[in-house]
Each structure stands twice: as C-alpha cells, then as structure tokens.
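Q: Below are the structure tokens for one structure; questions will follow.
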Amino acid sequence: MIPVGSTFLIPTPPLFQTKHLYILIAAEKSTNRGLIVNFTTSRYGSDKSCVVIPGEHSFLNHESVINYADSQIVDISSLETALSKGIITSHDPVSPVLLKKSRIMV
C-alpha cells in the first residue's frame, strides 16, 4: 500500500498537459481507498485553510494552497497501476509537519 504523505504529479484537465502535485492525506486499508488533495497557486479568493510556502515541499516555488474543494477519494490500487504505467509520477513525500498541516480539514 502507498504510504500516507506520498505525493504524485497527476495530469489534470482540460488538456492533461499541466501536472498538479497531489498528496495522499488519508488511507483506509480495509477498503484500499484513500483521499488525495492537490496544491494550487494561491490567488485572490483561494481557500486559505492551508497555505504552503516555498521550502515546505521541494516542488513548490511560490505560495500555494491545498485545494480541498478538488479532493478525491481514490482506489489505492488504481494509483499503483497509474504509477507503474507512468501515467502519474511520484515525487518527494511531504514532511510529517506538512502532512499534519494538510490534514487539518480531514
């Protein structure tokens, strides 16, 4: 099973050319399902529940927020398959501090 705190670059609509960084912030072994959320650029009107600054994760180079409105419940085995096929790519896991910070809404 993919550990909580793992991150992935996932192509996003509409053209699937832009990749957003997602975090697996929760997982349930009994159902093999997890909750993923993504980072997005902090803009006027963004949900500021979880602001992340450069340096809190190696991928981020400007102020970002976690986009809870776009959270998704996923099948962990589907993530594993997408990783093995190169559809999504893994990135550095979040630190325990950032994981705890990101889970404030869970």
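Q: Going by the structure shown, is Ser77 buried (at least 17 other Cβ atoms within 10 Å of the Cβ), out of contact with any helix residue (DSSP H, G or I) (no Cβ under 7 Å at 6 or more places or on another chain) and in contact (Cβ under 8 Å) with a residue 40 or more places away in the chain?
A: no
Q: OK, next. If I filter the stretch 1-55 down to residues being surrounded by 11 or more Cβ atoms within 10 Å (Cβ to Cβ) and basic (Lys, Arg), which single residue comes out as modelled with the lowest pLDDT?
A: At the first step, the residues of the stretch 1-55 found to be surrounded by 11 or more Cβ atoms within 10 Å (Cβ to Cβ) are 1-2, 4-12, 18-28, 32-42, 46-47, 49-54.
Subsequent filtering for residues that are basic (Lys, Arg) retains 19, 33.
Values: Lys19: 86, Arg33: 97.
The qualifying residue modelled with the lowest pLDDT is Lys19.
Q: If the Cβ limit is 7 Å and pairs must be 6+ apart or interchain, which residue in the stretch 28-49 that is within 20 Å of Lys100 (Cα to Cα) pairs with which residue that is exposed (fewer than 13 other Cβ atoms within 10 Å of the Cβ) and among the charged types (D, E, K, R)?
A: Arg33/Asp75
Q: Can you name every residue in the stretch 83-105 that is part of a helix (DSSP H, G or I), within 20 Å of Pro11 (Cβ to Cβ) and without any contact (Cβ under 8 Å) to a residue 12 or more places away in the chain? Working first, answer last.
A: Let us first name the residues in the stretch 83-105 that are part of a helix (DSSP H, G or I), namely 83-84, 96-105.
Imposing the further condition that a residue be within 20 Å of Pro11 (Cβ to Cβ) reduces the set to 83-84.
Answer for the stretch 83-105, where residues must be part of a helix (DSSP H, G or I), within 20 Å of Pro11 (Cβ to Cβ) and without any contact (Cβ under 8 Å) to a residue 12 or more places away in the chain: just Ser84.
Q: Give me a count of the residues in the stretch 81-97 that are surrounded by 14 or more Cβ atoms within 10 Å (Cβ to Cβ) and either touching a Gly at 6+ places or on another chain (Cβ under 7 Å) or of a type outside the set (Val, Ile, Thr) (or both). Write out each step before concluding.
A: Step one: of the stretch 81-97, the residues surrounded by 14 or more Cβ atoms within 10 Å (Cβ to Cβ) are 82-83, 87-88, 91, 93-94.
Add one more test, that the residue is either touching a Gly at 6+ places or on another chain (Cβ under 7 Å) or of a type outside the set (Val, Ile, Thr) (or both), and what stays is 82-83, 91, 93-94.
Adding up the residues that qualify gives 5.
The values are calculated or read from the model by the stated rules, or taken from the named source; none is laboratory data. Predicted, not measured: the structure shown is a model, and the values here were computed from it. Counting neighbours? That spans all protein chains shown, and the Cβs are built from the backbone with ideal geometry, glycine included.
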